[in-house]
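One structure is given below, encoded as structure tokens.
The values are calculated or read from the model by the stated rules, or taken from the named source; none is laboratory data. Nothing here was measured: the structure is a model prediction, and the numbers come from that model. No Cβ is skipped: glycine too gets one built from the backbone with ideal geometry, and neighbour counts run over all protein chains shown. With ligands, DNA and RNA removed, areas are computed over all heavy atoms of the protein, side chains included. Shrake-Rupley method; radii C 1.70, N 1.55, O 1.52, S 1.80 Å.
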Amino acid sequence: MPSIISINGLSKTYASGFQALKTINLDIKRGEIFALLGPNGAGKTTLIGIICGIVNASTGTVQVDGHDIIDDYRAARSLIGLVPQELTTDAFETVWDTVSFSRGLFGKPKNPAYIEKILKELSLWDKKDNKILTLSGGMKRRVLIAKALSHEPQVLFLDEPTAGVDVELRKDMWQVVRNLRDAGVTIILTTHYIEEAEDMADRIGVISKGEIILVENKVELMRKLGKKQLTLHLQKPLDAVPAELAAHKLELADNGNELVFTYDTSAERTGVTALLSDLARLEIRFRDLQTTQSSLEDIFIGLVHNSAGAAA
Amino acid sequence: MNQAINTHAIIAIYKFEMARTLRTVWQSIVSPVISTSLYFVVFGAAIGSRITEIEGIPYGAFIVPGLIMLMLLTQSTMNASFGIYFPRFTGTIYELLSAPVSSFEIACGFVGAAATKSIILGLIILATSWLFVPMQIAHPFWMLGFLVLTAITFSLFGFIIGIWADGFEQLQIIPLLIITPLTFLGGTFYSTHVLPPFWQTVTLFNPVVYLISGFRWAFFEVSDVSPWVSLAMTLLFMVMCVVTIWWIFKSGYRLKK
Ligand SMILES: Nc1ncnc2c1ncn2[C@@H]1O[C@H](COP(=O)(O)OP(=O)(O)OP(=O)(O)O)[C@@H](O)[C@H]1O
Ligand SMILES: [Mg+2]
């Protein structure tokens with residue numbers, strides 16, 4: 001798949017002298033949902049700001065669908081919709097006016113039917129004549145999304161779209177995002193709710209201290225780094241792992257009441273069958289068993305910790 | 001989409017700004033009209049009873065073009081500077097920066113709206129002054145021309161101030177500390193010919209002198225300098241503002257991080 005955004009040698013040093021982005025090289029594929037994860041201050045908003053024209057890059061180039069963001073900014077920007085992290089809205093305009101304004105600003109002729117459709121999808125239709133200042137925080141967030149969608153962008157940036165949005169609305173919001181993806185829109189999102197990235201993303205990039213430390217297909221990532229654990233709740237507690245079972249990666253837990261087996265899901269043989277037959281041979285019986293898989297969150301914390309350790 | 005000019009954007013910004021004006025129509029229109037009327041009462045009636053005429057023009061009529069200019073300059077500067085400062089202050093500027101619009105289009109929208117408002121205001125003040133001193137306008141087209149050019153030029157100037165300002169105080173300070181004094185010293189209430197020769201030379205460095213002189217000429221055919229010089233100076237100042245704005249957007253000065 002050809003990339004819709006290609007970032008080459010991008011860096012950013014703020015006027016204060018702080019280097020927020022080191023050298024960033026990144027390609028976003030057409031039609032994917034790309035989740036950019038990273039701790040506070042990692043440089044996510046800075047990166048998005050440069051691509052969208054809000055922050056000047058110090059070095060490097062960005063192309064959006066082949067258009068340079070500086071030399072050919074008109075073509076590049078008209079493809080992009082941005083939902084900023086901060087809740088920055090007008091106050092005295094109505095929802096309808098502010099969304100229509102955005103469409104005009106991006107050079108599109110009026111299309112009331114389309115705006116009606118977006119407002120309905122985002123459950124804002126009954127608020128269309130309300131002044132923005134009378135809306136709640138979560139509604140303002142949706143107004144920002146409606147503004148970003150008003151000009152039918154090909155690429156949508158969502159900088160923490162679900163911050164301060166309740167569970168139900170969050171679901172609705174992700175449904176809107178899925179519909180957009182189905183319609184061919186490329187989506188780049190940041191979130192601190194890692195389970196959202198796990199749910200939504202096709203690919204995941206991890207940024208830490210201004211560097212992209214990993215970009216990986218989500219499924220691949222989960223498989224590569226995902227460890228699975230099998231926990232056996234024993235009928236009788238053990239004092240130690242029997243010597244006969246030393247070949248398996250086993251640990252005792254819960255005062256010897258649980259036997260925990262860690263294995264790699266991507267391995268050719270997981271060793272579960274061998275373990276179970278060894279247990280049967282030694283007549284170690286168990287009441288119950290359960291498997292758990294490390295979540296993206298565990299993976300993420302592991303990664304950021306390692307890179308912090310390496311940097312220190 | 002490969003249009004040369006994003007007209008939809010210009011219209012969107014213009015309408016947005018005009019809507020803002022309409023919401024505050026009371027402050028926007030009524031207060032300048034009241035203060036102009038006060039100037040008439042104080043200067044026209046009080047001083048006019050002593051100085052009956054200047055260069056053959058009744059004093060009350062003589063000050064009308066100067067008063068309109070005073071309002072035009074302060075209001076254009078204030079409107080345009082507030083118009084662009086406010087999105088910077090609230091953060092909604094992000095949308096302008098991320099949109100496929102050129103500096104020219106953004107300036108057109110904001111400056112166009114600010115100038116429109118000033119022109120309407122100027123005409124209202126003109127109508128108000130008619131209630132005090134009926135007068136004839138010798139060259140109505142020149143008069144309108146100067147009105148429009150000045151409104152646009154000082155809206156451009158205000159736009160620059162709005163980008164430069166780092167707080168509401170700085171936003172207020174330029175009209176207060178620069179525009180108003182220059183207007184007062186620029187022959188609003190007198191002809192610069194009444195000044196000693198040295199001060200007459202000094203006033204030639206005051207751009208407002210050219211505006212008021214040209215505008216007054218359009219009314220009464222009396223002026224401190226030739227109307228063509230006035231026109232040229234206005235256009236020169238306008239070009240300087242346009243170039244500054246072009247540079248601001250190109251460099252991202254005070255707009256981009
Ligand atoms: N205008 C600025 N001037 C100087 N430093 C800045 C500026 N804006 C951001 N920074 C710094 O750059 C770094 C990256 O900031 P950025 O907002 O991109 O982080 P982020 O990954 O979006 O974080 P968060 O998850 O908190 O939103 C931070 O250390 C921040 O303090
Ligand atoms: Mg951020």
Estimated [θ] at 222 nm from DSSP helical runs (n ≥ 4, -39500 (n - 2.57)) normalised by residues in chain B, nearest 500: -23000 deg cm²/dmol
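With a probe of 1.4 Å, find how much accessible area the protein assembly as shown has per residue, and write the answer as a whole number in Å².
Values: 26280 Å² over 569 residues.
Solvent-accessible surface per residue comes out at 46 Å².
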Farthest toward positive dipole pole in the protein assembly as shown [+1 Lys/Arg, -1 Asp/Glu at C-beta], among A:Leu79, A:Leu214, B:Tyr85: B:Tyr85
Relative contact order [Cα under 8 Å, 6+ residues apart], chain B, whole percent: 26 percent
Karplus 3J(HN,Hα) series, Hz, for the stretch B:128-139 with 6.51 cos²θ - 1.76 cosθ + 1.60 (x for Gly, Pro): 4, 5, 4, 5, 8, 9, x, 8, 9, 10, 5, 10
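Using a Förster distance of 56 angstrom, determine the FRET efficiency expected from the C-beta separation of A:Glu86 and A:Ala267, and round it to 0.05. Could the numbers behind the result be given before it?
Numbers: r = 46 Å, r/R0 = 0.81.
According to the calculation, E is roughly 0.80.
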Lysines with Cα under 17 Å of B:Lys257, excluding same-chain neighbours fewer than 8 positions away: A:Lys12, A:Lys22, A:Lys44
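Over the stretch A:190-299, what is the mean sequence separation of C-alpha contacts under 8 Å (at least six apart), divided by residue count, expressed as relative contact order in percent? Can you show the working numbers first?
Working: 147 pairs, mean separation 34.1, N = 110.
Taking the mean separation of contacting Cα pairs over the length of the stretch A:190-299, I get 31 percent.
Roughly to the nearest percent, how much of the accessible area of the protein assembly as shown is carbon and sulfur, given a 1.4 Å probe?
Values: 15720 of 26280 Å².
Carbon and sulfur together cover 60 percent of it.
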Pairwise centroid distance, computed over Cα atoms, of the stretch A:36-97 with the stretch A:166-225, Å: 18 Å
Dipole-positive endmost among B:Ser155, B:Ile54, B:Tyr39 within chain B (Cβ charges, Cα centre): B:Ser155
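Compute, for the stretch A:3-222, the length of the dipole vector about the Cα centre, with Cβ point charges of +1 (Lys, Arg) and -1 (Asp, Glu) only. Units Debye, rounded to 20. It would help to have the intermediate numbers written out before the result.
Values: 26 positive and 29 negative charges, 86 e Å.
Around 420 debye, computed over the stretch A:3-222.
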Pair B:Leu177, B:Val222: separation of 7 Å Cα→Cβ label points (nm): 3.6 nm
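Quick check on my link table: of A:Lys140/B:Lys15; A:Lys171/A:Lys218; A:Lys29/B:Lys250; A:Lys209/B:Lys250, which ones sit more than 26 Å apart, alpha carbon to alpha carbon?
Distance filter (> 26 Å) returns A:Lys29/B:Lys250; A:Lys209/B:Lys250.
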Base-10 log of normalised Debye intensity for the protein assembly as shown (one unit scatterer per alpha-carbon) at q = 0.08, 0.11, 0.12 Å⁻¹: -0.69, -1.01, -1.11
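Total accessible area buried between chains A and B, 1.4 Å probe, in Å² to the nearest 100?
Working: alone 16140 and 12810 Å², together 26280 Å².
The A and B chains share an interface burying roughly 2700 Å².
Over chain A, what relative contact order in percent results from Cα pairs under 8 Å that are six or more residues apart? Kindly include the intermediate steps, with their values, before the conclusion.
Numbers: 534 pairs, mean separation 58.6, N = 312.
Value for chain A: 19 percent.
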Per-residue HN-Hα couplings for the stretch A:151-157 [Karplus 6.51, -1.76, 1.60; θ = phi - 60°; Hz; x = Gly/Pro]: 9, 6, x, 8, 10, 10, 9
Set of aspartates and glutamates with alpha-carbon distance to A:Lys228 below 13 Å, sequence-local pairs under 8 removed: A:Asp264, A:Asp298
Convex hull (Cα only) mean projected area of the stretch A:227-293, reported in nm² to one decimal: 4.2 nm²
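Suppose accessible area is computed on protein heavy atoms with a 1.4 Å probe; arrange A:Arg77, B:Arg50 from highest to lowest. Write down the numbers at each step before the final one.
Numbers: A:Arg77 30, B:Arg50 205 Å².
Accessible-area ranking of A:Arg77, B:Arg50, largest first: B:Arg50, A:Arg77.
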Extension gain from A:Asp182 to A:Ser136, taking 0.36 nm per residue of separation minus the Cα-Cα distance: 13.6 nm
Positive-end extreme of charge dipole, chain A - chosen from A:Gly107, A:Leu259, A:Leu189 (charges on Cβ): A:Gly107
Zone residues, the stretch A:215-247, relative to A:Glu297, backbone N less than 18 Å from point 7 Å out along Cα-to-Cβ: A:222, A:226-229
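Between A:Val260 and A:Phe286, 0.36 nm times their residue separation minus their Cα-Cα distance comes to what?
8.2 nm
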Amide H contacts under 5 Å for A:Leu82, placed H, 5+ residues apart: A:Phe157
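Probe radius 1.4 Å, ligands and nucleic acids left out: which of A:Lys218, A:Lys12, A:Lys236, A:Lys120 has the largest accessible area, and how do the rest follow? Kindly include the intermediate steps, with their values, before the conclusion.
Working: A:Lys218 35, A:Lys12 10, A:Lys236 160, A:Lys120 100 Å².
The ordering from most to least exposed comes out as A:Lys236, A:Lys120, A:Lys218, A:Lys12.
Nearest 20 debye, what's the magnitude of the dipole of the stretch A:1-97 about its Cα centre given +1 on Lys and Arg Cβ and -1 on Asp and Glu Cβ? Could the numbers behind the result be given before it?
Numbers: 7 positive and 10 negative charges, 87 e Å.
Dipole of the stretch A:1-97, to the nearest 20 debye: 420 debye.
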List B:Trp247, B:Trp228, ordered by accessible area with a 1.4 Å probe, largest first: B:Trp228, B:Trp247
Gain upon complete extension [A:Asp172, A:Asp278; 0.36 nm per residue less C-alpha separation]: 33.2 nm
Set of lysines near A:Lys236 by C-alpha distance (under 21 Å), chain-local residues within fewer than 8 positions excluded: A:Lys249
Cβ-derived FRET efficiency at R0 35 Å, B:Leu204 paired with B:Ile34, nearest 0.05: 0.55
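From the helices alone, meaning DSSP H stretches of at least four residues, give me the mean residue ellipticity at 222 nm for chain A, per-run term -39500 (n - 2.57), in deg cm²/dmol to the nearest 500. Mind showing how you got there, number by number?
Details: 10 runs with 106 residues, N = 312.
The helix-only estimate for chain A comes to -10000 deg cm²/dmol at 222 nm.
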Calculated FRET value between B:Met18 and A:Tyr14, using beta carbons and R₀ = 51 Å, to 0.05: 0.90
For A:Lys171, solvent-accessible area (1.4 Å; no DNA, RNA or ligand), Å²: 150 Å²
